[in-house]
Amino acid sequence: MTITKIDSPEIMMSQVSMCYKTNSTEVLALKEVTVNIQKGEFVSLLGPSGCGKTTLLRIMADLLQPTSGEITISGGTAKEARLARKYGIVFQSPVLYDWRKVKKNITLPLEMIGLQKEEREERAERLLELIGLSKFKDQYPWQLSGGMQQRVAIARALAIEPEILLMDEPFSALDEFSRERLNEELLSIWSKVGSTVVFVTHSIPEAVFLSDRVFVLSPHPGRLSKVVNIPLPRPRREEMRNSPEFYQLISDIRQSFEGV
Amino acid sequence: MKWQVYRSRWVPTIMLVIGLLFLWEFLSWLLLTLDVPLAQSKVPYIHELVITFTQYSGTLFSEGSVTLANASLGFLLGAVGGIVLAILMSLTKWLEQLAFPYAVASQMIPILGLAPIVYGIFRDEQLARILIAAYTTFFPVTLNMLRGLRSAEPSSLELMYSYAAKKWTIYTRLRFPQALPSLFTGLKIAAPLAVTGAILVELMGATKGLGVLMLRNLYYGPSHNYMFWLTVLFAAFLGIVSYFIVTVIERIVTPWQPEFRKSGGDK
């Protein structure tokens, strides 16, 4: 019942800094980062390791509190967004629970929000179909390949039908072929659910292929160095990876790293 | 194909057991012919043991079941106590700091000394046996359960955090199932200990049980030598059975554990 202005962004971060203190040293992981992400947008946080992209995502997820700066997620604080279960999160590793079969892993968040059993089952079946793993619903996670496990993790994140999907290098542990196939699958899923996606990656082609906008971060200290619009048409197809526009965007982004 | 696999696995084992039995028989014969004093008390003939067993198996089973029943009751009591203590310790740090040194210290008291004290206090052989069995059980269970409850990975916990899960939900959905493999490790150590504990109290003075049988046959000297050996072996057998029962339950409760996976895991 909240009234939101049409053009107010879903995620707003202004002047966010993050400082890790160890015994003797202080590491500035993020320095005054300001980003605005629109509702329904697919954005990537791109950069080399140490640029603070994962830190930025974890601040959005309320898994970390920034040292300074402000963050607003659909009109409230990050904590309110977490408590209201406004986001689903996918980690670098699938983080599936070993003792739960595939379907039960997907229904886990639905048990949390107190959904009835029939409704849980129904949603899980639908999601299993969406990720193409209906046949595997009664298997244990270890019986699945790494790519399949990560698909289950995505389905689990989508189960609560979140407004925001936070993804922390979800495909980085996979081989190039699985990764490209899952990129396309992710886009097809996203076109159906339409949530806002924040996708952390260190792969330039992955960021370009997936995103509406790419936030380029640079390290030491982590800061936002550039925002690149990706005007490639949707739906995006595998062939686009060979188009000159795709290559041009990749080389533009790569150049922005050479200065640092 | 399958039969060959089984055969290749079982044949060496069976051969080894048969070989050992023959070696034992030979050793027994050797000691007797060399006129070693109390030869049969040292290495008794296996065939004599088998004969004695066929004659007295009824006694062994009836006394053994008394011991096992008391050990089981004590085991259950100790396991439940251990689990509850572990949960409380995992919930509150100060309770762990308070209770843990005492739990460790309690294990330093020799059961041989504790048993007559407990018996002296309660004056009830049944209750004393159950309590000692519980006492030997609770520590390995507490220790392993506590470690299991703490073994949840940070990312698994973060997932719960992202769901805004309540503390109790984190226990039921994550920490308890995660702790099960560890708990079973503790139970597997504890089960035979409970049997040993129960027998020990029986040695202190009881009217029924394997310990009584053992002691009586020891007193009667060489004439009851085979029976004494049988009770010792039967006590060991009960320990193995108790371990085996826990293993079977573990397989049913936690079929997802890596060691129970049929095919590697890579697929």
To make sure I understand the rule: partners must be lysines, Cα under 24 Å from the Cα of B:Lys208, and not fewer than 8 residues away in the same chain. Which ones qualify? none
Which residue fluctuates most in the GNM of chain A (Cα springs below 10 Å): A:Val152, A:Val95, A:Val208? A:Val95
Considering only DSSP beta bridges where both residues belong to region A:157-260, give the percentage that are antiparallel (nearest 5). 55 percent
For A:Trp99, what accessible surface area do you get with a 1.4 Å probe? Give it in Å², rounded to 10. 40 Å²
Can you tell which of B:Leu131, B:Asn217, B:Ile252 lies farthest toward the positive end of the dipole of chain B, using +1 and -1 charges on the Cβ of basic and acidic side chains (Lys, Arg; Asp, Glu)? B:Ile252
Placing +1 at every Lys and Arg Cβ and -1 at every Asp and Glu Cβ, with all other atoms neutral, what dipole size does the protein assembly as shown have around its Cα centre, in debye to the nearest 20? 440 debye
In peptide A:93-102, how many Cβ atoms from other protein chains are near each Cβ within 10 Å, on average? 4
Note, region A:212-228: 3J(HN,Hα) by Karplus (6.51, -1.76, 1.60, θ = phi - 60°), whole Hz, Gly/Pro = x, goes 7, 9, 10, 8, 8, 10, 10, x, 6, x, x, 8, 7, 9, 6, 10, 10
How large is the dipole of chain A about the Cα centre if only Lys and Arg carry +1 and Asp and Glu carry -1, each at its Cβ, rounded to the nearest 20 debye? 380 debye
Residue mean of other protein chain beta carbons inside 10 Å, B:251-261: 2
Reciprocal of mean inverse Cα separation for the protein assembly as shown (Kirkwood radius, Å): 28.3 Å
How shielded is A:78-91 by partner chains, expressed as the average number of their Cβ atoms within 10 Å of its Cβ atoms? 2
Compute a Gaussian network model of chain A, connecting alpha carbons closer than 10 Å, and tell me which residue from A:Gln15, A:Gln38, A:Gln149 fluctuates the most. A:Gln15
How large is the dipole of region A:96-161 about the Cα centre if only Lys and Arg carry +1 and Asp and Glu carry -1, each at its Cβ, rounded to the nearest 20 debye? 200 debye
Nearest-10 value in Å² for the accessible area of B:Thr92, using the 1.4 Å probe: 50 Å²
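Taking a threshold of 22 Å on the Cα-Cα distance, which of the pairs A:Lys53/B:Lys167; A:Lys86/B:Lys167; A:Lys86/A:Lys192; A:Lys39/A:Lys86 fall above it?
Pairs exceeding the cut-off: A:Lys53/B:Lys167.
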Rounded if a/c under 1.5, otherwise prolate or oblate - region B:1-141, Cα gyration tensor axes: prolate
Accessible surface, 1.4 Å probe, highest first, among residues A:Glu161, A:Glu10, A:Glu121: A:Glu161, A:Glu121, A:Glu10
Among the trypsin sites (Lys or Arg not before Pro) within region B:46-133, which fall in a DSSP loop and have no more than 13 other Cβ atoms within 10 Å of their own Cβ? B:Arg123
Sorted by accessible surface (1.4 Å probe, heavy atoms of the protein chains only), largest first, B:Leu159, A:Leu64 come out as A:Leu64, B:Leu159
Rounded tilt (10° steps) of A:176-193 against the dominant C-alpha axis of chain A: 80 degrees
Excluding ligands, DNA and RNA, the carbon-plus-sulfur percentage of the accessible area of the protein assembly as shown with a 1.4 Å probe reads 63 percent
Apply 1/(1 + (r/R0)^6) to the Cβ-Cβ distance of A:Gln248 and A:Ser49, taking R0 = 41 Å, and write down the FRET efficiency to the nearest 0.05. 0.95
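How about region A:1-78: which trypsin sites (Lys or Arg not before Pro) there lie in a loop by DSSP and see at most 13 other Cβ atoms within 10 Å?
Here the trypsin sites (Lys or Arg not before Pro) that fit, given the DSSP loop and packing criteria, are A:Lys5.
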Pairing the Cα long axis of helix A:244-258 with the longest principal axis of chain A, what angle in degrees results, from 0 to 90 and rounded to the nearest 10? 50 degrees
Based on the Cα atoms of region A:96-161, what semi-axes does the equivalent ellipsoid have, where each is the square root of 5 times one gyration tensor eigenvalue, given in whole Å with the largest first? 18, 12, 10
Accessible-area order (highest first, 1.4 angstrom probe) of the listed residues B:Ile14, A:Ile71: B:Ile14, A:Ile71
Average silhouette area of region B:44-260, convex hull of alpha-carbon atoms, in square nanometres: 14.6 nm²
Can you give me the angle between helix B:93-106 and the longest principal axis of chain B, using Cα atoms only, in degrees from 0 to 90, rounded to the nearest 10? 10 degrees
Averaged per residue, the 1.4 Å probe accessible area of the protein assembly as shown, protein heavy atoms only, in Å², is roughly 51 Å²
Test of understanding: in a Gaussian network model of chain A with alpha carbons linked when under 10 Å, which of A:Glu176, A:Glu41, A:Glu239 would top the mean-square fluctuation ranking? A:Glu239
With every protein chain present, what accessible area does A:Tyr140 have (1.4 Å probe, heavy atoms only), rounded to the nearest 10 Å²? 40 Å²
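The values are calculated or read from the model by the stated rules, or taken from the named source; none is laboratory data. The structure presented is a predicted model; accordingly, all values stated were derived computationally and were not measured. Note that we place each Cβ from the backbone using ideal geometry, even for glycine, and neighbour counts take in every protein chain shown. Surface areas here come from the heavy atoms of the whole protein model, side chains and all, with no ligands, DNA or RNA. Shrake-Rupley method; radii C 1.70, N 1.55, O 1.52, S 1.80 Å.
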